[in-house]
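The values are calculated or read from the model by the stated rules, or taken from the named source; none is laboratory data. Keep in mind that this is a model prediction, so the values were computed, not measured. Backbone-built Cβ (ideal geometry, glycine too); neighbour counts: all protein chains shown. Heavy atoms of the whole protein, side chains included, go into the accessibility calculation; ligands, DNA and RNA do not. Shrake-Rupley method; radii C 1.70, N 1.55, O 1.52, S 1.80 Å.
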Amino acid sequence: MNRVWEKILRTDERLVCSPILLGGNLVLHRHLYQSVPFDPYIPRGEDTDYLINASQLGFCILFDRKLRIKHLHPERTEFYFQEELKWDIERFLYERQKKKRGLGINLDPYPGYFIKWTLYPKAIITSLFLGLDYLWRGEFKRAKDSIANVKMIFCKRGKDILNYLEFRKDWDIMMKQIQPIEISGILQDCWI
């Protein structure tokens, strides 16, 4: 991720086409939001996943170098790290499948680094080492859960993506029905 930020911050332009999103600092134009829904089937990293979905429909997400936000993430406990690892494996497997479906965006260095074929050995080795660490400390339940991450690598994938494509069709129908409805004054002022 640091290489992405270095590249973005080295440019002179205020708006830079971005291979990464920060959900807490994201402004969506009405046309983008109407065309591209967030994916309800992704467990984590929904902002980057949104970038992938938008790119598949021909949108370019711009990073505004002048906007700033301070991210106060939750405290990282051991349990959180274990869950985060599981969610990241699920997420990168899912995004890898989306990339295979014909994505025309360069996702390197992030998240591209994690969705190449090397995802499989990285996920297996990391899960096994974390499981061994828990075993060494006598935390057998956590060890079992960590090692169970390896199962995800060998699960057949694709159904979730088809679910998302179906959801996107429903989203299009819903957006077409919402557009003709009058919007209240408060929302009218906020609607871009």
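Quick notes on this structure:
- The range 1-53, residues that are part of a helix (DSSP H, G or I), touching a helix residue (DSSP H, G or I) at 6+ places or on another chain (Cβ under 7 Å) and at pLDDT below 80: G23
- When E46 is tested against (1) acidic (D, E); (2) open to solvent by less than 80 Å² (accessible area, probe 1.4 Å); (3) closer than 20 Å to L165 by Cα; (4) free of Cβ contacts under 8 Å to residues at least 24 places away in the same chain, only condition (2) is not met.
- Residue pairs meeting the criteria (Cβ under 6 Å; at least 6 apart or on separate chains; first at pLDDT below 75, in the range 94-120; second of a type outside the set (K, R) and part of a helix (DSSP H, G or I)): L103/Q56; I105/S55
Okay, residues lined up against (1) hydroxyl-bearing (S, T, Y); (2) touching a strand residue (DSSP E or B) at 6+ places or on another chain (Cβ under 7 Å); (3) over 17 Å from L21 (Cα atoms); (4) buried (at least 16 other Cβ atoms within 10 Å of the Cβ):
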site: R101; (1), (2), (3), (4): no, no, yes, no
site: N106; (1), (2), (3), (4): no, no, no, no
site: Y113; (1), (2), (3), (4): yes, no, no, no
site: T118; (1), (2), (3), (4): yes, no, yes, no
site: A123; (1), (2), (3), (4): no, no, yes, yes
site: F129; (1), (2), (3), (4): no, no, yes, no
site: R137; (1), (2), (3), (4): no, no, yes, no
site: F140; (1), (2), (3), (4): no, no, yes, no
